[in-house]
Each structure stands twice: as C-alpha cells, then as structure tokens.
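Participant: Before I ask anything, let me first share the structure, which is written out below as structure tokens.
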Amino acid sequence: MCRVAMIDDHQSPVWGIKALLSRHDDLVFAGHSDTVSGLLSGVDGVDVVLLDLRLTDGTTPRENVLRLTDAGITTVVYTSGEWPELLRSAARAGVLGVVLKSAPEAEVVSAIRRAFSGDAVLTTEWAAAVDSDPALAGVDLSPQLSRVLTLYASGETSARVAELMGIHPDTVNDYLKRIRQKYIDAGRPAKTKLDLFKRAVEDGWLPTPRRLGEHDAH
C-alpha cells in the first residue's frame, strides 16, 4: 500500500488526486498541506509526495525536495509545466520524477507507482527541462566509459558489464568510480545507480524513457 500526500496551495488539484486514488486499491490518500513544513509536522507515514512547484510561502523547489528527501519521502513534481526554471531547480535537487497536471489518469497513477518502487519517472517534460538548463555542466566520457555507463545504468550488474565488454570486473568498478568522479567534478553527483541512470539520460547516453501509461497498465 502506497500512502500518497500532496503539497499544493490550491484545492482543485487535491480534490482530483483524492478522487483518483480512491479508484485504486494499492494507493491511499494520506493527507495534504500548503507547505512542506505543514506536511512534515501534520501527516505521518507518507511514502510519495506530489509536489506543486510554485508555493505561496516563498520556498524554492530545490529546498522543498531536499527537505522531503531528508525525511525519507519520495517526491514527484506535479505541475502545469509553466515554469521550466522551477522544474530545473527541482531536477537539480534530485526529484525522482515529473508528471503534468494535465496528464491522463493512467500516467499519474503510473508515476506514483514507479516512484513508490524507487524507479525514475522521466517524462519528456523532465528531459526538456534539464536539457535546457544552462547550469547543467556536460561530462566528457571516453567511448569505453560511456559504454560502461550505458550498460550499468540500463540495469546490468558490474559483473555482467564485464562479461559483455570482455574486461575484468575490477576494471568495471574502477571505470564506475571514474565516471562518478567526473560527475562530482561537474557538480552533478551520482551516488546511486538511479542517479547514474538519470545522468545518462540527461547527457544523451540513454534515450528518454517512453511516456508513462503507454504500456504500463495494471
């Protein structure tokens, strides 16, 4: 059971999500607040938060995502898509994904379920926002390093990458350390495998995943 909360200072989206979740047995509406502070102090046991980018309390998407992450809550941006600069701020803070308020029900539900499972929710809107980010420093990888990144970020184990490339597993691990260091140097840390997947998508080493809901029915 996934407990979903919302942070939005408008009531209409909240009513819509509450009604949507009531139609799915594995999803439950846990609560709502106008602010991150209000949610953290007033709602317990939240797994996934749908976060509006623009809140009237003056907080930034980046600080909101970081606070929710520190509290152990997965964040999915739920937005009209009108403020790409705010979306870039959330992306830089490590938000797990983005879904538009205009998206069909299947796409919203799929985004929540994927986030609950720890999977990236990389829509075309997310990709467009990070692609247009002037602060997103590129990382130059050799063909060998890019091949390791592509295979590993796609889900292969380091042992399997070694087998596919005909190199020793220790060499793969060394390459992964070098790749992570390059992203650290660029100000874009990639501590986890999911982080590496997102960096690979951002930099074009992997394609942007298909739109949610296309073949994701439950």
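The values are calculated or read from the model by the stated rules, or taken from the named source; none is laboratory data. Bear in mind the structure is a predicted one, so any value in this text is a computation, not a measurement. A quick note on method: Cβ atoms are made from the backbone with ideal geometry, for glycine too, and the neighbour counts reach across all protein chains shown.
Participant: So is ARG23 in a loop (DSSP other than H, G, I, E, B), assigned by TED's automatic domain parsing to the domain that holds VAL95 and not aliphatic (A, V, I, L, M) or not?
Facilitator: For ARG23, the condition - in a loop (DSSP other than H, G, I, E, B), assigned by TED's automatic domain parsing to the domain that holds VAL95 and not aliphatic (A, V, I, L, M) - is met.
Participant: Counting only residues that are β-branched (Val, Ile, Thr) and surrounded by 20 or more Cβ atoms within 10 Å (Cβ to Cβ), which one in segment 144-201 is nearest to ALA115 (Cα to Cα)?
Facilitator: Going through the qualifying residues, I end up with VAL201.
Participant: Let me ask something additional. Could you grab me the full set of residues in segment 98-119 that are closer than 19 Å to PRO84 by Cα and assigned to a loop (DSSP other than H, G, I, E, B)?
Facilitator: LYS101, SER102, ALA103, listed by residue number.
Participant: Next up: Among (1) part of a helix (DSSP H, G or I); (2) over 30 Å from ALA200 (Cα atoms), there is one condition LEU55 misses while meeting the rest; what is its number?
Facilitator: (1)
Participant: Going by what's in this entry, would VAL76 be described as more than 24 Å from ARG188 (Cα to Cα), surrounded by 17 or more Cβ atoms within 10 Å (Cβ to Cβ) and modelled with pLDDT of 90 or more?
Facilitator: Considered against the rule, which asks whether it is more than 24 Å from ARG188 (Cα to Cα), surrounded by 17 or more Cβ atoms within 10 Å (Cβ to Cβ) and modelled with pLDDT of 90 or more, VAL76 comes out as no.
Participant: What's the number of the only condition in (1) in a helix (DSSP H, G or I); (2) modelled with pLDDT under 85 that ALA135 fails to meet?
Facilitator: Looking at each condition in turn, ALA135 falls short on (1).
Participant: Scan segment 38-49 and report the pairs whose first residue is in contact (Cβ under 8 Å) with a residue 60 or more places away in the chain and assigned by TED's automatic domain parsing to the domain that holds ASP8 and whose second residue is of a type in the set (Gly, Ala, Ser) and crowded, with 18+ Cβ neighbours inside 10 Å, with Cβ atoms within less than 7 Å and a gap of 6+ or a chain change.
Facilitator: Going by the 7 Å Cβ cut-off, the qualifying pairs are VAL48/ALA115.
Participant: Quick test of your reading of the structure: VAL28 fulfils all but one of (1) aliphatic (A, V, I, L, M); (2) under 20 Å from MET1 (Cβ atoms); (3) assigned to a helix (DSSP H, G or I). Name the failing condition by number.
Facilitator: (3)
Participant: How many residues does segment 107-132 hold that are modelled with pLDDT under 85, of a type in the set (Gly, Ala, Ser) and either crowded, with 18+ Cβ neighbours inside 10 Å or farther than 30 Å from LEU21 by Cα (or both)?
Facilitator: Of the residues in segment 107-132, 3 are modelled with pLDDT under 85, of a type in the set (Gly, Ala, Ser) and either crowded, with 18+ Cβ neighbours inside 10 Å or farther than 30 Å from LEU21 by Cα (or both).
Participant: Restricting the search to segment 14-56, which residues are farther than 22 Å from ASP70 by Cα and either touching a His at 6+ places or on another chain (Cβ under 6 Å) or buried (at least 18 other Cβ atoms within 10 Å of the Cβ) (or both)?
Facilitator: Within segment 14-56, VAL14, ILE17, LEU21, LEU27 qualify.
Participant: Pick out the one residue from SER41, SER80, SER117 that is among the small types (Gly, Ala, Ser) and closer than 17 Å to PRO13 by Cβ.
Facilitator: Of SER41, SER80, SER117, the one residue that is among the small types (Gly, Ala, Ser) and closer than 17 Å to PRO13 by Cβ is SER80.
Participant: Looking at the structure I just gave you, is ARG23 within 22 Å of ARG113 (Cα to Cα), of a type in the set (Lys, Arg) and touching a Leu at 6+ places or on another chain (Cβ under 8 Å)?
Facilitator: no
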